[in-house]
Amino acid sequence: MKKALICGVSGQDGAYLAQLLLNQGYDVCGSSRDAQMSSFGNLVRLGIRERLKLESVVLTDFRSVLQVLKKVEPDEIYNLAGQSSVGLSFEQPVETLESITVGTLNLLEAIRFTDKPIKFYNAGSSECFGDIGDNAADETTPFRPRSPYAVAKAAAFWEVANYREAYGLFACSGILFNHESTLRPERFVTQKIVAAACRIAAGSEEKLYLGNVSIERDWGWAPEYVEAMYLMLQQPYPDDYAIATGESCKLEDFVAETFACLGLNWQEHVVTDASLLRPTDLAISRGNPAKAKEKLGWQAQYKMKEVVRMMVEARKVRS
């Protein structure tokens, strides 16, 4: 039985990945800064909370990382931890940089130190590319990060590449474009939109305040994207992959589709709020997942409209 350690198991991707690996017959251990105090609500919602072990680990503390590796003895490590909000990274740049870059470096160094054949997956981000115009980014597109979050993710990407090349580690980065699900917290704009639209449809007279709705993003379905993470570590050789649908839509289209699913006209309920604009933002983000299709046999089945529909339906059931 393979053992997997998922750092950041309490988040959207961590929960879906844990579910996938359990279904694949893995012995799964999830880590959190304080496993005794964390609620692990997403694991509870998926009905898997009792099926995996949970350990406390502080990724910015090398000793803590080394201890958990020796205790768990994983075959695979999935690093999904760290501050995950682009918007919040402007308010907490130091925490963002430390949690992502130092955490990733400690995991890589601990793997090297233990000298075990551990396969390592690192969660990269499409935010690293910055503004690339109306082009689809792939694994060869240069990074031009435009937020503290993107800067941190870019640094972590090159840490992984360096350890792979210098020490022969089986280490991969998945450069994931936006991927959503019913497990998204409301601080992410997609869930904020869905939650507000459902409340309005139920009779709330509130307005939905948004920043720039003309930005374009490549939105996919998170449960599909964790399959790509798993597949990367099943390959004979380590490599990096861009994971995306290949199609991008305006945030305005996401909003319109959400309200339309509920029989509403979004323009009657949405207000533009300049205070929600970021210091810098990407106008267009689109990925080219050709390599993932060719090498991993992975292709996104759900695009933006299906993602919206599934998020709205799940929200209606919950409320």
Q: Step through the table entries 70/119; 2/293; 116/293; 2/119; 250/316, compare each Cα-Cα distance with 18 Å, and write down the pairs that go over it.
A: 2/293; 116/293; 250/316
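Could you work out the Rg to Rh ratio of segment 241-319, with Rh taken as the Kirkwood radius (inverse of the mean 1/r over all Cα pairs)?
1.05
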Q) To the nearest 500 deg cm²/dmol, what mean residue ellipticity at 222 nm is calculated for the chain from DSSP H runs of n ≥ 4 alone, each contributing -39,500 (n - 2.57), summed and divided by the residues? A) -11500 deg cm²/dmol
Q: Skip the ligands, DNA and RNA, and give the accessible area per residue of the chain with a 1.4 Å probe, whole Å².
A: 44
Q: Using only alpha carbon positions, build the gyration tensor of the chain, then give the equivalent ellipsoid semi-axes as the square roots of 5 times its eigenvalues, largest first, whole angstrom.
A: 32, 22, 18
Q. Expressed in nm to one decimal, what extension gain is obtained for the pair residue 250 and residue 318 from 0.36 nm per residue of sequence separation less their Cα-Cα distance?
A. 21.8 nm
Q | Under 15 Å, Cβ to Cβ, from residue 132 - net charge with Lys/Arg +1 and Asp/Glu -1 | A | -4
Q) Roughly speaking, to the nearest percent, how much of the chain's 1.4 Å accessible area is carbon and sulfur? A) 48
(Q) Along the Cα→Cβ direction, 7 angstrom out, place labels at residue 23 and residue 309. What is the inter-label distance in nm? (A) 2.0
Q: At q = 0.08, 0.14, 0.19 Å⁻¹, work out log10 I(q)/I(0) for segment 163-319 with the Debye formula, treating every Cα as an identical point scatterer and leaving solvent out; two decimals please.
A: -0.28, -0.74, -1.14
**Q.** R0 of 30 Å, Cβ-Cβ distance residue 98-residue 277: FRET efficiency to nearest 0.05
**A.** 0.70
Q: Go through 153-161, 236-244 and give me the packing order, highest mean Cβ count within 10 Å leading.
A: 153-161, 236-244
Q: Would you mind computing, in nm to one decimal, how far apart the modelled labels at residue 50 and residue 290 are, each placed 7 Å from Cα along Cα→Cβ?
A: 5.0
Q) Can you name the helices of the chain, as whole DSSP H runs, whose Cα span along the helix axis is 20 Å or more and whose Kyte-Doolittle mean is not below -0.5? A) 148-167, 304-318
Q. So what's the gap between the Cα centers of segment 236-259 and segment 12-49, to the nearest angstrom?
A. 24
Q. Accessible area, 1.4 Å probe, largest first: how do 20, 210 sort?
A. 20, 210
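The values are calculated or read from the model by the stated rules, or taken from the named source; none is laboratory data. Remember, predicted model here, so these are calculated numbers, not experimental data. Quick reminder, even Gly has a Cβ in these numbers, built from the backbone with ideal geometry, and neighbours come from all protein chains shown. Side chains included, ligands, DNA and RNA excluded: accessible areas come from the protein's heavy atoms. Shrake-Rupley method; radii C 1.70, N 1.55, O 1.52, S 1.80 Å.
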